[in-house]
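Visitor: Dropping the structure in here first, questions after.
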Amino acid sequence: MAKQKKMVEAITSMDEDFAKWYTDVVKKAELTDYSGVKGCMVIRPYGYAIWENIQKDLDARFKKTGHENVYMPMLIPESLLQKEKDHVEGFAPEVAWVTQGGQEKLAERLCIRPTSEVLFCEHYQKIINSYRDLPKLYNQWCSVMRWEKTTRPFLRSSEFLWQEGHTMHETEEEARQETMQQLMTYADFYRETLAIPAVIGRKTEKEKFAGARETYTIEPMMHNGVALQGGTSHYFGDGFAKSFGITFTGRDNTLQYPHQTSWGVSTRMIGAIIMVHGDDNGLVLPPKVAPIQVVIVPIAMHKEGVLEKAKELADKLSDTFRVKLDDSDNSPGWKFSEYEMKGVPLRLEIGPKDIEQNQCVLVRRDNREKTFVSLDNLTEEIPKLLQAVHDGLYEKALANLKEKTYTAHDYTEFLDIAANKPGFIKAMWCGDVECENKIKEETGGVKSRCIPFEEEHISDVCVCCGKPAKHQVYWGKQY
Ligand SMILES: [Zn+2]
């Protein structure tokens, strides 16, 4: 009986239709599936394994700086949510409510957490009494729900996975340090683990988190020039503490309010990985979060000794790396395409001729470069190649970020760039929300991304209204 030839289906090219390309990759790399509830996604094993690797890395970073994990309930009584005015106003439009338990209608509606500030505050109110109880450095890994109208896997979904850190401090200075430390933890994680460069800075008043005094953000650029808010860190001051009556007896024996922060990143990061590194052959995964770092493909598998040798290598290498041996009866060509689609950083090919010469071929996913490596040197050579893939991905993403960042000196130039060149625009701003609104309206959605920590002086006046400029801002469209 003739064997049926299995084909890896082609995907839409990025340049032809970026949105379609994204959906194709998510589906064909088996990251998610749709569920019966619009906006809620099934994260399949390969997608979830990426999230587990992200979690492991970040969790270790959080614990190293003294944070502890806790778990809060998923339901919030309406009265509790309403305790902080700005916060409830910010979240009310996208909250899902539970109104019935079993057969009975509830006396008070319960919201499914869109974020957990109020739950942490209610708890902190009970356990913080003295300066000796501070700081409290808590983090939670959970899912949250925000009722979204338009959804896309990982980028915008009604339910998504994230971590939310909520901390309380004795002084403003300490809380501000925490806010900045966590922002930098995210920036390092993006660079060192995800191989993604980003613009970092402070959000404007209009774009900051509901109830926060200041919001800081990581803004990576996707391959097509669109921004993704990659992670945020907020300084709250003592606003929530006052609303929730959280007080402590200070070192001078007076009653004081603690200073608060919160910070979070979510499964959106997987969307960033796809859109920053992916290409027309599918996913390209940064080695540190790739569920499979090396896939072993035996060549001429039926020849004596080949499969045995491949198994021996898989056994040996899986002590150090995440390895998969594909000994299925699909053709080597099919396997090459399949693992390219899945973004596996390195492919190890081994056939009869290689075995004769005590070597194998290693192929990089990012640039398809081939290296012949002696079987005796694999444990030394693989880490070098994985690092080379990481560095190659970072350099390519950085080049894209630089290439698609433009400077606008006046409004005509700003509108021209916004209409014709997808990417970030550097321009001066007066500080007024009216200019942000006007720009957003007249450009079809360009928003302020952030005020960078190191501002450039482009001109003396606001690019939009011509009044004296207060800041240099990064502008851009976002997912
Ligand atoms: Zn202005």
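The values are calculated or read from the model by the stated rules, or taken from the named source; none is laboratory data. The shown structure was predicted, so the numbers you read here are calculated from the model rather than taken from an experiment. With ideal geometry, Cβ positions are generated from the backbone for all residues, glycine too; neighbour counts draw on all protein chains shown. For accessibility, only protein heavy atoms count, side chains too; no ligands or nucleic acids. Shrake-Rupley method; radii C 1.70, N 1.55, O 1.52, S 1.80 Å.
Visitor: For the pairs Lys404/Lys426; Lys56/Lys288; Lys38/Lys85; Lys28/Lys335; Lys206/Lys477, note any where the Cα-Cα span goes beyond 18 Å.
Guide: As for pairs spanning more than 18 Å Cα to Cα, those are Lys38/Lys85.
Visitor: Further, regarding this structure: Which angle from 0 to 90°, rounded to the nearest 10, does the C-alpha axis of helix 332-341 make with the longest principal axis of the chain?
Guide: 10
Visitor: What chymotrypsin sites (Phe, Trp or Tyr not before Pro) in the stretch 66-125 are in a loop by DSSP, with at most 15 other Cβ atoms within 10 Å of the Cβ?
Guide: Working: sites: Tyr71, Phe91, Trp97, Phe120, Tyr124; in loops: Tyr71.
Those that pass, being in a loop and sparsely packed, are Tyr71.
Visitor: Please enumerate, by chain and number, the aspartates and glutamates with C-alpha under 12 Å from the C-alpha of Lys311, excluding those fewer than 8 residues away in the same chain.
Guide: Cα-Cα hits under 12 Å: Asp326, Asp327.
Visitor: Any idea what angle helix 117-127 forms with the longest principal axis of the chain, computed on alpha-carbon atoms, 0 to 90 degrees, nearest 10?
Guide: 70
Visitor: Something else about it: Taking the chain on its own, what percent of its Cα-Cα pair distances exceed 36 Å?
Guide: Details: 44847 of 114481 pairs.
Cα-Cα pairs of the chain separated by over 36 Å account for 39 percent.
Visitor: Taking the Cα atoms of the stretch 137-204, report the difference between the largest and smallest coordinate on each principal axis, in whole Å and largest first.
Guide: Principal-axis extents of the stretch 137-204 (Cα, largest first): 40, 28, 26 Å.
Visitor: Rolling a 1.4 angstrom probe over the protein heavy atoms, how many square angstrom per residue are accessible across the chain? Spell out each step's value before the answer.
Guide: Values: 21900 Å² over 479 residues.
Accessible area per residue, the chain: 46 Å².
Visitor: Next question, about the same structure. Which order do the peptides 101-110, 126-135 come out in when sorted by mean C-beta neighbours inside 10 angstrom, highest first?
Guide: On the way: 101-110: 9.7, 126-135: 14.4.
The densest-packed peptide leads the list: 126-135, 101-110.
Visitor: So what's the back-of-envelope 222 nm ellipticity for the chain, counting only DSSP H runs of four-plus at -39500 (n - 2.57) apiece and dividing by all residues, rounded to 500? Provide the component values of the computation, followed by the final result.
Guide: Details: 14 runs with 164 residues, N = 479.
The helix contribution divided over the chain gives -10500 deg cm²/dmol.
Visitor: If you don't mind, there's one more thing I want to ask. Can you tell me the orientation of helix 433-443 relative to the chain, as the angle in degrees between its alpha-carbon axis and the longest Cα principal axis, to the nearest 10?
Guide: 40
Visitor: What is the percent carbon and sulfur in the accessible area of the chain, measuring with a 1.4 Å probe over the protein chains and ignoring ligands? The partial results should precede the final answer.
Guide: Numbers: 10650 of 21900 Å².
Carbon-and-sulfur percentage of accessible area, whole number: 49.
Visitor: Which order do peptides 11-22, 393-404, 191-202 fall in by mean Cβ count within 10 Å, highest first? Walk me through the numbers on the way to the answer.
Guide: On the way: 11-22: 15.6, 393-404: 17.3, 191-202: 22.2.
By packing density, highest mean first, the sequence is 191-202, 393-404, 11-22.
Visitor: Right, something else. Using amide H atoms built 1.01 Å from N in the peptide plane, name the residues 5+ places from Gln359, or on other chains, whose amide H lies under 5 Å from its own.
Guide: Leu375
Visitor: Next question, about the same structure. Please list 279-287, 380-388 highest first by mean number of surrounding beta-carbon atoms within 10 Å per residue. Mind dumping the intermediate values first?
Guide: On the way: 279-287: 22.8, 380-388: 15.9.
Peptide ranking by packing, descending: 279-287, 380-388.
Visitor: Let me ask something else about it. Normalised by the empirical 2.2 N^0.38 Å for globular proteins, what value does the Cα Rg of the stretch 355-412 take? Provide the component values of the computation, followed by the final result.
Guide: Numbers: Rg = 18.8 Å, N = 58, 2.2 N^0.38 = 10.3 Å.
Against the compact-globule rule of thumb, the ratio is 1.83.
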